[in-house]
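The values are calculated or read from the model by the stated rules, or taken from the named source; none is laboratory data. Here the structure is a predicted model, which is why all the values come from computation and not from measurement. Here the Cβ is made from the backbone with ideal geometry for all residues, glycine too, and neighbour counts use every protein chain on show. Side chains are part of the model used for accessible areas, which takes the heavy atoms of the whole protein and leaves out ligands, DNA and RNA. Shrake-Rupley method; radii C 1.70, N 1.55, O 1.52, S 1.80 Å.
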Amino acid sequence: MTYCPKNLELARRQVIIDRQMICAQQSLIDGMRTRGEPAGLANERLVKLPVDLRNHCFHQDLLQASIRLER
């Protein structure tokens, strides 16, 4: 399959969004703990987010390599 720089830009944006989501989720958990609220479900979500980030980084790397090879 042929990829273009636009595909790579979308993949890069997704990685940025993933990182922002991880930070936001950590902040949410910190606030919940400060208020004495249970944070079990929020912690479960936080466990999944780095997996998504890793997958999106891998996808970004594959796109970048594919674009380089096509040049």
| query | Per residue, what accessible area does the chain have, given a 1.4 Å probe and all protein chains present, in Å²? | reply | 75 Å²
| message | Taking loop as defined by DSSP and a crowding limit of 12 other beta carbons within 10 Å, which trypsin sites (Lys or Arg not before Pro) in region 7-60 fit? | response | Arg35
| message | Using the Kirkwood formula on the Cα atoms of the chain, what hydrodynamic radius do you get, in angstrom to one decimal? | response | 13.7 Å
| note | Carbon and sulfur atoms account, in whole percent of the 1.4 Å probe accessible area of the chain, for 59 percent
